[in-house]
Each structure stands twice: as C-alpha cells, then as structure tokens.
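Working notes, beginning with the structure itself.
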Amino acid sequence: MTTTVGKPVPRIDALDKVTGRAAYVGDLEIPGMVHGLILRSPWPHARVLSIDSTEAERLPGVLGVLTRDHLEGIDAYFGSVVRDRPIVAMDKVRYQGEPVAAVAARDLATAQEALELIRVEYEELPLVSEMEEALVPGSPALHETNLCAEQHYDWGDVEEGFAQSDRVFEDTFTFPMVYHYALEPHTSIGHYTNQGITVWSTAQHPFLVRSDLARMFGFSLHQVRIIVPYLGGGFGSKSYTKMEPLAVALSKVAGRPVRLALSVEEAFKTVRRHAARLTVKTGVKLDGTFVARECLIYLDTGAYADNGPLVAGRAGERIAGPYRWPSLKVSSSAVYTNSTPAGSFRSIGAPQAAWASESQVDIIAHDLGIDPLEIRIKNMVSRGEEVRRGQRPLEGDPATGLRLAAEAVGWDDEAAEESGRAVSSALVTGKGLGCNLSGVGSSPTSTALVRMHVDGTLTVLVGTTELGQGSRSAMAQVASEELTVPMDSVDVISSDTSIVPYDRSTGSSRSTTLMGLAVQDGAIEVKDQLLELAALHFESPVEELSIEEGQVLCRGESIGFGELIQEEFGGVAGELMGRGYVTPRSHGGRLAQSPVFWEVGISAAEVELDVETGAIRIPHYVSVADVGKAINPQQCEGQDEGAAMQGLGHTLFEEMLYEDGQLLNPNLIDYKVPTFAELPDKLETILIENGDGPGPFGSKGLGEGGIVAAGPAVANAIFRATGVRIKELPLTPERVWRALRRARGQD
Amino acid sequence: MLRPFKLHEPTSVDDAVSLLGRFGEEAKVYCGGTELLLAMKEGLLRYNHLVNIKTIPGLDEVGYDQGSGMLSIGATVTHTALEHSPQIQSHFPMIAEAEGNVANVRVRNVGTIGGNLCFSEPHSDPGAFLLLFDTQVEIQGPGGQRTIPLAELTLGPFETCLEDDEVLTRILVPQFPQGMTGAYLKFGYHARPTLGVGVSVRVEPTTSDGEHIERAVVTEVRVAVGSAGPKAVRVAEAEQLLMGKTVAELLPGSNGGESSNMNEASRLAGRAADAMDDIHGSGEYKEHMIGVFLKRAFAKAVNTRQPTVQSPLS
Ligand SMILES: Cc1cc2nc3c(=O)[nH]c(=O)nc-3n(C[C@H](O)[C@H](O)[C@H](O)COP(=O)(O)OP(=O)(O)OC[C@H]3O[C@@H](n4cnc5c(N)ncnc54)[C@H](O)[C@@H]3O)c2cc1C
C-alpha cells in the first residue's frame, strides 16, 4: 500500500519558503556577531610586495584584520584535489578578485572604511588569459606549471580503428566560461574559539568542509561543527570548501563570530564552470557504425585547481556519449589561467563534452545522409551492456528515452520534410536532438538516523543539504512510505555535522538514491523494533504481524506505534532509533562498482530562427529523465525543467567575459541568465520509470541530466533549419548572424 | 555597500533647487533611485546629500490638453504610471506600450521618466522614442525656468546639459500631426536594450480600413535610433530618402524585391546611430540591426492605425 511515494505531495519546506520565514545563513544573528568584508586584488596576476594594515587595525570599531601575516598556527591552503588555494593571497595573486585581506568590524560601514585603509603594494606580472598561451613553453606560470591535471582514457587501438573507418571526421568546439548564479551568494558565519569551530555556511558538502577546517585549524572532527540551514541554490558553486576558512580565520583574529556575506559580484569571483576547447576525431562506417574516437580536451580551470582535475576526468569519460566504441582514446587536461577558479557545476564536464560529441554526431549523420535519430539509436548502448571499460553496466534504456523525446517534438514530421522550413521571410524553424550519459552518484557513503517518538511521529536526521532540490521532502516521503505514517508526521533535520550522521556530499544526483537508501534502512530498522515490541505485546510470532497506517496489526487486533514505545519504556517516554548505513559493502555490495548509476540527459528542441537578426526562439523543448521511480513526480519535473533552463542559459547567452584579466560582467545587468521571458513556449519533461534504479523503490537520481544536451540540441536544430553549423557557444544573436553571413559568403 | 548620507525631502522645486545650490557637488537629485542608489552601492558615485524630489507635489502628474494636443509629464512619473495612464493609452498608445516594455516590473514601478532622461544612460528607450515627437523638457534652476528640446538635454553617455543645481520638472510631448502613426521596436537580451528604432510616418491618401496602402505616398516621416550609440538621434538623411516614395516602393518585400531607397535609409540610420562595441555586441552588428529594425518599424508604422511597439526579441 502506497501512502506517499510516487505522488506529488507538497514540499515540507514550501510554506516556510513562500512566506519568507525560511532562514538562510544570511538571516541568522549569532550573539556577538560582527561583520566581515574582503579586500580583493585589482590585478589578475601580481606579486604582493607588502601589505600594511596598521591603520585599518587602529580604526575604531574594527575588531581584526586578516592578511597573510595573521595566519600563524593555520595551515592556510585548501583545495578538494590539489591544496593550492590560500585563505588570503600569500606571495602573489592569481586572478582579479582574489582575496588579499579581510576586515571584521562592528558594522559593514566601518569594515568598508577599514578596507580602504589597507595599503597593498603589488608588482604586476605577465598575464595568462588563454589556455593556448598557458601551455606554450616559457609562458608565465601561475603555479609550478600551468598544466593542472591531465587524464587519459584508452581502449582498443584508435589508429587501427581510423584505418578501418570509411570516413573520419575531425571538429573543434569551444564552450564558454559560465557562472552558476545561485540566487544566494556564498555566505558563512565563522566562530573560532580555543575549544573549536562552529560555522554556519552555505555548504553543499558540510562534512568535507568539516575535515578541511579541522586540518587547517588543528582540531579534531568533534571540535568542528558545520551548520547548514536552507541553501538558496548550489549547482556545485557551494560544493567543497569555499569561503569557510576565511570566515574562521577572520573570526580567530577578531575573537568574535564573523559574518561574511558575499555580493553577487564576489560570488562570480569565487567559482565558475570550466570553459573548454574540445577536438573530436571520429571514424565511422558508411552505414553509420561508430568505429573509433579520439578526443583532445582542454578545460580552463582558472587560477586554482578547485575541482578541475575531477572535472577533466569526467569530461574525458563523458565525451564518449551513450555510444558503443570499439576503440577510444581521450586526453583531457585542466589548465591554469588568471581568472576565477573553476570547479563543479551541475553535471561536471558533461555539457562541454556533449556539446562537442553531440554536435559532431549530427555532422556525421548529415554527411552520411542518415537521420540523426537513427544514427544515435544504431550506436547506442543498451540495457546490461558495458558503457565504459570496467564500469557498471547500463541499467537504463536511453534509446527509448531518445525516441520519446523525438516523438514529442514531432521529429518524424520533420524528417519527412528533410530540413528546415521557412515560416515567413525572415523566420525559419528546425528541430534538433542531443543526448548523453553520465556515471553519477559519487561514492556510496551516506548514513541516516530515523527517530520514532513516543507519539509515533518521526524525526529523520540526514547530512543532505536542502538546497532547493526538495531533499527534505523526498527523505520524508521515503520514511513515511516505509513506516506507513502520514507525511505531516515526519520532520527532516538536515545538516549540522555535530547532530546529523555523516554524508559525503550533496551533488552528483546522489541524494535520493543513496541517502534515500540510508533513510529507508533506518526506517526498516525502526519497523523491525516495532514488530519485536508488538510480538511481545500480542504474544505472537513476528511473521503474523503487519503494519498499516501507524499501527501494528495482528489477527484483527491493532496497536499504535506510540503505545508500543510507551509499553517498552513505561509512561509517556522513550523513543526508537533506526540507523541506515550506505557503504560499498552494504546492500550486498551492489553499490560498490562505479558509477552508482547512469544518468541520461536527453533533449529535443524545436527552434525558430530570425535569419536577419540571428535571434533564436524556442517554441518547444523536451527533456527526458530516467528516474527509475519518481518519488515525487512534481519535484522531478521541477529539477529537470530547472536544469533544462540552466542549459538554455549557456546555450543562448551566458558567458563571463574577460578583458586584460578583468571580469567585465559580474552582475545580472551584463551577465544574462534566463528569465521567464526566455521560457520555451512549451517546456516538457518526460519521466521514464522502469523501477531499475539502485535507490529506494527502484529510484535513481536526476537533476543534472537536463542541462547536458541543451547546447547540441539547439545548435543541431539551427543546422537543420539553415545548413549552418556553429561550433562555439553561446549562440548569441550576433554569433548566429555572423555564422549565417559567413555561410552566405558575405564575410 | 551604501554609505551613509543625509536625505532631504523638499516640498517645492524652489526648495530642491536651493538645497542643490547649497550643497553643490556633495548633493544629487534622488528620484526612484534605480540608477543612483545602484551606482552609490557600487561605490561609483558618492554623495553626502540626496534631495528626494518625489515629495514635491505635482511632479508626479500627467496632463493632456485636448485642444493643443500637448501631453505634459511630470519628472517623477514612473514608467508604470505612464504605461497605465488612460490619457497616454488613448492619445499616445505607442508611448504606453513602449513604457510597458521598459526594464522589468520592479524597475518600472519605481523608476521614473525624469530619472531615465537625466541619467542619460545610452541604453534608454524613452530617449529614443520621445524624439519622434518634438519633445521639449522644462528645467528649473536658481535663475528660473527654461524649456529646451529633448535633443539638447542629452550630451552623451551619462552627461546632460543640466547644471548641478537644476531640476528637470516636466516633459512636454506634442501629439503627432493628424494621420501620422508610429512604431518603436527594441532589441536585446540583456536587461537594457541593445538598440531601439522608432519610426513615425504619414502617408497620403490616408487609407481607410481594408483598403490597400501600397499606392500611398510618404508625406512625412521621422526616424529615431537609440541605445546603440552614445545618445539617441533623429536621422534626417534617412527621413529624406523615404519622403515622397510610395509604400510599395519602400516595402517591396511581399513581391520578393528590395528597395534601394529603404536599404540606403537603413544604412544611413545604422551609421547615424554611431553604434559602439560593448557587452551587447559589436558596433557592426548593431549597425546592421538598426537597418533591419528600421524596415520593420517602418512596416509596422504604416500598417497600424495606432502607433505601436513590439517587445524585445520579437
Ligand atoms: C535592471 C534595469 C533594467 C533597465 N532596463 C531599461 C530599459 O529596458 N529601457 C530603458 O529605457 N531603461 C531601462 N532601465 C533604466 C530605468 O529606466 C531607469 O533606471 C529609471 O527610469 C531611472 O529613474 P529613477 O527615478 O530611478 O532615477 P534615479 O536613480 O533616482 O536618478 C537617476 C539620475 O538622474 C538624476 N535625476 C533624476 N531625476 C532628476 C530630475 N528630475 N532632475 C535632475 N536630475 C534628476 C539623479 O540625480 C541621478 O543622477 C533599466 C534599469 C535597470 C536597473
């Protein structure tokens, strides 16, 4: 009997959020709290010769100034893969906007005044703004070398594959630098004392922040407490450690809790997505069979590694697409340049990879005269097949998903018409497809605690960050379903590392799948305890008991969960606790093989193009997500639509623009993100539910897939409308107009 | 971060003018604040005294004189008030529609027409479409009041002919001549417009409903371009090329042809815009786009009974 799973039950945070009652880090008032501001480098690359903060320190109302000279006893470097990022600049600055100093003062006005009193002497260094320059021997180096990381994937013999191919295609694509633009910029309140650290922060992965802070400030884990209230969007921008060390170090010098609330501009200078240049060489048979692929990927990771090495790895894996490759050879590098560090962003490396891979699939299809849908289906891996050597076989069925997307935009009608149609003298339309496959879930490392109170209601403790994706509601649904109690009898407490049990991270589409399993296990443990108590109560073997609507039933009699707890503890007292452990060895070891599951990203777009202006309108956009089982269908659709819109953002207009190392558009007037005005006339999400996911009730995660194939779907549609292939994003009206003009030979 | 300042709330223009005179460069007029406060928060501008003119009675009024056909808009009238003013909707529908397309609803609710013109940010819609009318502006300073053409108010980006102690009080917009219709089209995907083109035109004979307009001759035409360059301008050279031509000759599109006069007018309008390279795009692209939009605005203007406007990217 299903109570809540599979139903669009209202989110448990909905009322708090729409009434403005929900508290975010920026809303918190900690007793004694003062305010921090950061002095940032005006130069993209410079040696820091001297910093004089004496005047600032003397200003009344200032409680402390943090510079490289105030880091005694602190290991000042952090980074999720390479520890190359200092809390504040040490010997040099590597990008415009890098923190150089910070001030804590009783109010922001005083802090601002103090910042202006800090004298910093710089010696400008030559700038590395392009990856091409960065890798030339003898070019200025940001770190010991400008090559941050290099990853390789190899199987089969590509040279032999190309020799056996009838045709070989080689194309180079570029992808822009983009910013996540979560509504809430990074905010942290750091509180350092000799006994330990408490930080309230906008952190997607609070437990990883905890280990970093413990190491940097010399504490053990029980002395570091990270509290994450509601988060105003993450998309990867708040993954791993970001501003927390600075807030804590500043609190250490100030001797007070310090609030550090970044502006949108500062958030733009904290993390971004990797720009990329991708060269793809593909050998095929005349019948469209893929034979060999060789890829060379460069990702611009900016001034510090952040998650760049992992992003390079994922881009390298993901550029193979959902296809069968007898031979594949990929080299994927992250390269340092003097710009905002690049890290994780919704489906790391995948939009870049799919942009190149899926654009080229259409180039090949067109050249061979094969329908783009058919060439994809022909080469697509199917259920149970190995996707990447040594990795988990595919549990889903992307071919069916792609067919559904194509059907939804009326692909067959267009195939009959061959290519684009003229709507009026200036307007043409076309349809395009894109798809990709990402191994996701990170690692199977999640724990949960399910507490049943003496009135039969539940408190579920999880380390999943509620960042708007609806995790609290999904976890509540799983617990409610398993224990047959109504949704409003379940509360979910998330993310206080001293209270909730460990979770690795909130990202990689993993929470409903892995934390969901932990919650389910915890609920089952509670259920087992209830049945044990009921067996005593009814003097009956457990096999004859069942539970329903908060009662244990036995031979036509029933007893409430709460009454059982009362019987055990005596009086109106006590509670039951259920633990959930998700580890590589748990669940019979079935989660151990990487990836936890495969997430598809499938898009179909109908595009209308004004050939005189280059402006694109999207009358119809379809995204398909394979969710195994939709715990909450409405929220699944919300996640997928959000991802699709974010994908249309980098497809149509988003791009961080640099000139001489200076970021030109770190604000929403000059950096365009999609608004309601840019919604496709019809935006559709199709959910596939085959119950084949590893999560609770056959579910698997989503939320990243929708962003992946937006670029190629739109560019492929433009090609079909006009015969013009564009290999750079974003597809701004001017870029499209220029491409059309070049094709007409007027340029 | 907004630094502390003293807010003055005068109740007459004279008081506002004398406050501005008293504090000189330390003071600035504060109206809706959608530009001023943003720039102050960013630390780009610093003033110790802000003179709020929204407290001055009468400056938020819209008046229309039926007899003279003169529309009088107070400087503190918001974009939203213009969009919804019944007088503007019935006598200047093009303005009502264009105002409904300025910025977003939050900026429209607070931002004012006076603030828009006085800030002189080049990416401005009213700066362009008001040039289709012989718009005048009333300015008050310590020496009294002066009235000048709108075209003379704007000198360039963020620069007007206003003295530090002068206040723009009123915008005077005369009705189009009998039979003239207009259209204003804007384009862009950023918050502010990339370019805007306004055309108003009178053709003879004035055709009645349903009758073909192709044979009619252009007897009066105005072309204004804005947002693309340092300031909005009228393009007399383009207007001259369109004068005296038949609609069929200028808009042969339906027969698949091209009009050399229209093409040349488009080219001249693009040139006249003095389009700049910026975050919105290259000057070259904007120049081209102004040409495209001149044709579209002209077609729209001759084909409407009432002046009208289109939304971005349409
Ligand atoms: C996100 C965004 C989008 C926008 N999009 C558009 C758009 O699409 N099209 C468009 O046309 N505009 C656009 N704008 C500009 C908008 O129209 C103006 O911000 C608004 O009209 C300014 O009015 P205000 O009353 O807020 O001016 P304020 O900010 O109060 O003042 C602006 C300047 O003018 C001075 N000033 C104001 N009134 C007077 C006066 N009566 N006499 C003398 N000086 C005066 C002030 O001292 C100040 O220097 C946009 C603005 C924003 C922020």
Given chain A reduced to its alpha-carbon atoms as identical point scatterers, what log10 I(q)/I(0) does the Debye formula return at q = 0.09, 0.10 Å⁻¹? -0.85, -1.02
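Using a 1.4 Å probe, what is the accessible area per residue for region A:482-565, in Å²? Mind dumping the intermediate values first?
Numbers: 3290 Å² over 84 residues.
Accessible area per residue, region A:482-565: 39 Å².
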Hey, how much of the P(r) for region A:446-589 falls beyond 21 Å, as a percent of Cα pairs? 42 percent
Protein chains only, probe 1.4 Å: how do A:47, A:510 rank by accessible area, largest first? A:47, A:510
Could you pull out every one of the aspartates and glutamates with an alpha carbon less than 20 Å from that of residue B:245, ignoring same-chain neighbours closer than 8 positions? B:204, B:211, B:214, B:220, B:237, B:258, B:264
How would B:60, A:692 line up by accessible area, probe 1.4 Å, largest first? B:60, A:692
How much accessible area does residue B:187 have with a 1.4 Å probe, in Å² rounded to the nearest 10? 10 Å²
Leading residue at positive end of dipole, the protein assembly as shown (Cβ point charges), from A:473, A:87, A:8: A:87
Heavy-atom accessible surface, probe 1.4 Å, ligands and DNA/RNA ignored: which residues of region B:242-286 lose at least 30 Å² versus the isolated chain? B:279, B:284, B:285
In the A-B interface, the accessible area buried, summed over both sides, Å² (probe 1.4 Å): 1900 Å²
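Where a ≥ b ≥ c are the square roots of the eigenvalues of the C-alpha gyration tensor, would you call region A:430-481 rounded, which needs a/c under 1.5, or, failing that, prolate if a/b is larger than b/c, or oblate? Each step should come with its number before you reach the end.
Numbers: a/c = 3.65, a/b = 2.29, b/c = 1.59.
It comes out prolate by the Cα gyration axes.
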In chain B the accessible area split gives carbon plus sulfur, as whole percent at 1.4 Å, a share of 50 percent
For region A:67-164, listing trypsin sites (Lys or Arg not before Pro) in a DSSP loop whose Cβ sees at most 16 other Cβ atoms within 10 Å gives A:83, A:106
Heavy-atom accessible surface, probe 1.4 Å, ligands and DNA/RNA ignored: which residues of region B:1-49 lose at least 30 Å² versus the isolated chain? B:1, B:3
Compute the Cα gyration tensor for region B:62-174, then decide on rounded, prolate or oblate, letting a ≥ b ≥ c be the square roots of its eigenvalues: rounded whenever a/c is under 1.5, prolate when a/b is larger than b/c in the other cases, and oblate in all that remain. oblate
Hull volume per residue for region B:235-287, using the convex hull of the C-alpha atoms, in Å³ is 79 Å³
Exceeding the 22 Å Cα-Cα cut-off - candidates A:285/A:329; A:17/A:527; A:238/A:329; A:17/A:238: A:17/A:527; A:238/A:329
How do A:318-327, B:153-162, A:556-565 rank on mean C-beta neighbours within 10 Å, highest first? A:318-327, A:556-565, B:153-162
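Just order A:132-142, A:455-465 by mean Cβ neighbour count inside 10 Å, highest at the front, would you?
A:455-465, A:132-142
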Check each residue of region A:655-695 and keep those whose accessible area, probe 1.4 Å, is at least 10 Å² smaller with all protein chains in place than in the chain alone; give them in order of residue number. A:657, A:664, A:669, A:670, A:672, A:678
Area of residue B:260 that stays accessible when all protein chains are in place (1.4 Å probe, Å², to 10): 90 Å²
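Could you provide, to the nearest whole Å², the per residue accessible area of region B:113-203 with probe 1.4 Å?
31 Å²
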Derived scalar couplings ³J(HN,Hα) [region A:367-373; Karplus, 6.51 cos²θ - 1.76 cosθ + 1.60; whole Hz; x for Gly, Pro]: 5, 8, x, 10, 4, x, 5
So how much accessible area does residue A:425 have, in Å² to the nearest 10, using a 1.4 Å probe? 120 Å²
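Can you list the GluC sites (Glu not before Pro) in region A:429-522 that are in a DSSP coil and have 15 or fewer other beta carbons within 10 angstrom? The partial results should precede the final answer.
Working: sites: A:466, A:481, A:482; in loops: A:466.
For GluC sites (Glu not before Pro) across region A:429-522 that sit outside H, G, I, E and B with at most 15 neighbouring Cβ atoms in 10 Å, the list is empty.
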Counting other Cβ atoms within 10 Å, keep those with at most 13, restrict to DSSP loop, and tell me which GluC sites (Glu not before Pro) in region A:1-104 are left. A:29, A:72
The lysines whose Cα lies under 23 Å from the Cα of residue B:41, excluding any fewer than 8 residues away in the same chain, are A:269, A:672, B:6, B:28, B:54
Once A:536, B:241 are ranked on solvent-accessible area with the largest value leading and a 1.4 Å probe, the list reads A:536, B:241
log₁₀ I(q)/I(0) of region A:632-747 at q = 0.10 Å⁻¹, via Debye over equal Cα point scatterers, no solvent, to two decimals? -0.43
With a 1.4 angstrom probe the carbon and sulfur portion of accessible area for chain A, in percent, totals 50 percent
If you average the C-alpha positions of region B:19-85 and of region B:153-229 separately, how far apart do those two centres end up, in angstrom? 22 Å
Projected onto the charge dipole of chain A (+1 at Lys/Arg Cβ, -1 at Asp/Glu Cβ, origin at the Cα centre), which of A:283, A:730, A:65 gives the Cα projection farthest towards the positive end? A:65
Sort out the exposed loop trypsin sites (Lys or Arg not before Pro) in chain B (DSSP loop, at most 14 other Cβ within 10 Å) and tell me the longest stretch that has none. B:47-214
Cα pair distances in chain B, grouped into 20 Å bins until the bin that holds the longest one, percent each: 33, 55, 12, 0
Taking N as the number of residues in region A:295-398, the ratio of its alpha carbon radius of gyration to 2.2 N^0.38 Å works out to 1.20
Roughly what % of DSSP beta bridges within the protein assembly as shown run antiparallel, to the nearest 5? 80 percent
Which shape class applies to region B:1-65: rounded if a/c is under 1.5, otherwise prolate when a/b exceeds b/c and oblate if not, where a ≥ b ≥ c are the square roots of the Cα gyration tensor eigenvalues? oblate
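The values are calculated or read from the model by the stated rules, or taken from the named source; none is laboratory data. As the structure is a prediction and not an experimental result, all values here were calculated from the model. Note that we place each Cβ from the backbone using ideal geometry, even for glycine, and neighbour counts take in every protein chain shown. What goes into the accessible areas is simple: the full protein's heavy atoms, side chains included, and nothing from ligands, DNA or RNA. Shrake-Rupley method; radii C 1.70, N 1.55, O 1.52, S 1.80 Å.
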